[in-house]
Structures are given as C-alpha cells and as structure tokens.
C-alpha cells in the first residue's frame, strides 16, 4: 500500500473544487482527463460527488448517483451547484447542476446517507479471471488522454484496434487502477464506473461517434470497505443489453479485494452509427 | 390538449394532471394505486413522465428517467414542476420535482428525444416461458391496493405467502398487464418497470419494511414499438445483485410481442432488515 496521497495526483487536481458559498463550487477542466470531445464523463461525475462531499450540510456517503450529460463541457472553468433538496434521518437527496457561463452542461441527482448492518447476501460473484499482475496492460489511442491515467489490464473484450472486425459480444472485463496508484475513494470509484468505453466500439470493431447520455451508479461499498481497497486494482466488467434507434444501454460491476462488489453502474449511450 | 376530461381507466385517472402554467401541473393521489405507505412508486414515476409529455416544449419521447423517492407522498393533491433544462437538436434534458405544500417528496431527471435508425442488436433474449394464458394469475395481499390494477402471472419467484421460507435466488419472472386491459404507452411502461416487489421479500420469504430509493428506466421502445404492443401482456423479469448495509439493488427487463426488449430498469431499495 503506497501513501502517495500527494495533492499533486492528477485525479485530485481534476476534481479539485473551490467552495464559493451557498452550495456553489468552482472547478476547472483538466487536460489530463480530456476525452475526444470535452472531459471524460467519469471525471465530471467524480467532481459532482466531490461537490456534495465538500458541502457543509452533507449527510453520510454516496448511495446512488445519476449524471445526465446534457451538453458538451468546454475546456476551462465550470461551476457546480449542489442543493440538498431533502434531508431525512438517514438519507439525503441532492440536486446538482454543472454550468459554464450560466449554460447547463450537466445535471445530476444523488442520494447520500448513513448505513446500518442488515441481512446481507451477494447474488453475483466476481468473474474467475487471472490475477492482475499476469495480464498485460493495454493502451487507448493517444488522442484519448483520460485513459492514460488508468492502468487497464483486459482479460476479455479489449480495446478495438484499427484492423478490428465485429465482435460477437459486448463484454469487457478488466483490472483497472489509477496510475500513478492512488487509494480508492468515492470520487475515484465513481470515475471508474465510467471507464468502460462505449460497447458499440467493441461490437462494431471500430471507433464510432458515441457518448454517454446518462449514467447511474449504485454504491454498495461504504467508506470502510473502500478504505480496505487501498490502491489495489479493481475488477470491472461491462456489457450492453440492446443497441438500436440511436442508443444502447450498458451495465457494469466493479469488484474489490476478496471479491466484494463495490458498485454497480448503468448507462444509456448515444451512438451515431 | 386538456386532461380534465373524466378518464375511464383508473390508470389514466391516477396519472391525470391539470396544467397550471409555467411548467407546473396539479395531480391527486389515487386510492386505486396506494401502496403500504403512500402511492405505488411506479404510478408516481408515470405521472412524472406524463408531466413532460404534457409540457408544450416537449421534444420527442422518453429515452431515460430517474426518479428519486425523497420522502413520503401523502394522500391528496400534489404539484409537479417540469423544467426543460437544456434542449439539443435531438435530445432534451428535464428536471422535475413533485411537491406537496411546498415540501419536496420526489425529484426526477428525464431525457427525452427523437430517434433515428442505426445499427441494431440484442444481446439478451426473452426468457423461455409458458404463454401468459397458461399461467394462473396471483394476487398480492389485500392491503397492497395498487397490485389489484395488474394481472400478474408469475412463472418464477411468485409472491411470498405468510408461510414462506427463504428463497435461494431473488429472480421473479412474470407476465404483467393492466387490468382492465389498456393499450401500452410510455407512462404505463414506466409504471410496469416498478411492478417487481422488493427482492428482499422473495429472498427472506416475508414482507419486511423496504422501499425504492431511486429508480432508473431506459426506454428501448419508441412510440411505434409501443403502439404495436396494444394491450397484450408484457413479460417482466427482475433480480437483485447485492443486499447489505441497509440497501440492495435490483435490475429488470420488460419484453413485448415477438420478444422485443421494451425497457430495462434499475433501482436501489432501502431495507430495514
């Protein structure tokens, strides 16, 4: 376990926010987490979680998050407003907006809360895969900057190459870790839930215009479970269910040490082809 | 289009809204769709979709919906505000709130839009089950009023009886149809996406205090595909992935005629036990 919690980690810089009072926070896009158009959706989602975490009225930790990518985020400054819409005894509902020059680029809702011990059961189990160290890391093409901040070791459904052909299924399973290594926290887990490239790339064997429209994350891990992860690799697996009429969905699981399910995530993706 | 004409079907009465100008709509809870505490979550979600449909600025049909059940909805009148946050060429992002006496009970975001023909593929297929007519309908206990508006024919994971025991899996698969029969539309499909009782009931073999915290629906069917369904039964299947620390998630699919995937839905559920 490395204690590289240096404030210089590019992730912390990318989700760094300056409180501006009254539930408002100022942020700035990071070239390190740029995507083809605008920032990596996962880093935007992470910044929204960070905004709630920094809010003085925040209760507990994230239970769920839905982020709607309403329009492009331009390079430069952005503002996040985080409003606690309703606070109950153990849950708190948030409404968030990310704006640039007063124009809404992203909306979100989040549920935060405290947890208690209850009956527990897992109905799904971590896929049987080789250990992270035994799988070679793969790189995205250079023009996808954000991917350089993740060490991705695909055990199934790797990044399509230029000479790729159509693939029979849309499942990708990979070990994923921040690089440089960084202890897992809620913003980092949120970003990782969007680390799965659009499933249409894999099926069609090529990069096509596509982007997440809406992303929902359910957090199964509490803060203690996240702390136990330290900076070890997380196993992620994602697949689509239906493609057609301009959109497709994809669902993902993120697994931690000892096969604990940290989060499940779902998204609807726009696809031009 | 006025919604004040006396509707003949209880569903239309329950989601009937009176436009009050400026994106506001007045509604009233329906005893027909009452749950143990407050209304059936699916009917609230349906009313939110209806509000956007009635809004004069609405673009296209639902692509996704996330509803956050922030607090109880009391019997009586409620107000829905529907705000088009951002309108793009083919998508429109909505922010919604359901309030009672100015107190927020429910928040939601929705993406509406137009669709175009693109490459299509289904990666999941409708479960092999007996025809609806060959499966006997089951009833919920009388105190769950909303369920009386659905004809539910379970092929797997039926309603726990008082003498039930723990069940090894949380999957329920059922044919579901409005009763009396009613042609399928977006509000009705939305409500059906929440027709699956909390999976913890099935696993534990008993009714325990539980309720949906947040529900997300991805609409795969467009209006033409829904019209083709007419009032035939829809096949729904749902299951949980992880239970623990006060919450669990459940995911569902809704299938129509000829095995077409109409919608996928996900929710996070609070559980006291």
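A short reminder: the numbers here are calculations on the coordinates, not readings from a lab. On a predicted model such as this, the values are computed, not experimentally measured, just so you know. No Cβ is skipped: glycine too gets one built from the backbone with ideal geometry, and neighbour counts run over all protein chains shown.
Label-point distances for residue B:81 to the equivalent site in the other copies, using a point 7 angstrom along Cα→C-beta, read 1.0 nm when ranked shortest first. The fewest-to-most ranking of B:166, A:253 by surrounding Cβ atoms within 10 Å reads B:166, A:253.
Rounded to the nearest whole Å³, what is the per residue volume of the convex hull around the Cα atoms of chain A?
Details: hull volume 37.1 nm³, N = 273.
Measuring per residue, one finds 136 Å³ for the Cα hull of chain A.
Taking each residue as 0.36 nm, the span from residue A:140 to residue A:26 lengthens on full extension beyond its C-alpha to C-alpha distance by 38.0 nm. FRET efficiency for the residue B:258 to residue B:156 pair, using the beta carbon distance and R₀ = 22 Å, is estimated at 0.55. Per residue of peptide A:212-218, the mean number of Cβ atoms on other chains within 10 Å of the residue Cβ is 6. Label reach from residue B:148 (point 7 Å along Cα→C-beta): in the range B:22-54, amide nitrogens under 13 Å belong to B:31-35. Only Cα pairs under 8 Å and 6+ residues apart enter the sum, and on that basis the relative contact order of chain A stands at 18 percent.
In chain B, the calculated helix contribution to ellipticity at 222 nm averages -4000 deg cm²/dmol per residue, counting -39,500 (n - 2.57) for every DSSP H run with n ≥ 4. Protection proxy ranking for B:134-143, B:231-240, A:38-47, using the average of other Cβ atoms within 10 Å per residue and placing the highest first: A:38-47, B:231-240, B:134-143.
Placing a label point 7 Å from the Cα of residue A:224 along the Cα-to-Cβ direction, no residue of the range A:122-142 has its backbone N under 14 Å from that point. Peptide B:113-125 has a mean of 6 when you count, residue by residue, the C-beta atoms of other protein chains within 10 Å of its C-beta.
Taken over the Cα atoms of the protein assembly as shown, the convex hull encloses 145 Å³ per residue. Taking square-rooted eigenvalues a ≥ b ≥ c of the alpha carbon gyration tensor, is the range A:1-151 rounded, prolate or oblate, where a/c under 1.5 means rounded and, failing that, a/b exceeding b/c means prolate? Note, shape of the range A:1-151 comes out oblate. Counting from the shortest, the label point at residue B:136, 7 Å from Cα toward Cβ, is 6.1 nm from the same position in each remaining copy. Counted by neighbouring Cβ atoms within 10 Å, the residues B:257, A:86, A:203 run from fewest to most as B:257, A:86, A:203. Relative contact order of the range A:148-273: 28 percent, from C-alpha pairs under 8 Å at least 6 residues apart in sequence. Comparing Cα centroids, the range B:164-194 and the range A:35-111 end up 32 angstrom apart.
Once you average over the residues of B:65-73, how many Cβ atoms of partner chains fall within 10 Å of each Cβ?
Taking the mean over all residues of the peptide, I get 5.
Classify the range B:77-210: rounded, prolate or oblate, from the alpha-carbon gyration tensor (a ≥ b ≥ c, eigenvalue square roots; a/c under 1.5 rounded; otherwise prolate if a/b is larger than b/c)? Here the range B:77-210 falls in the oblate category. Overall dimensions of the range A:13-94, expressed as equivalent-ellipsoid semi-axes from the Cα gyration tensor (√(5λ), whole Å, largest first), are 24, 14, 10.
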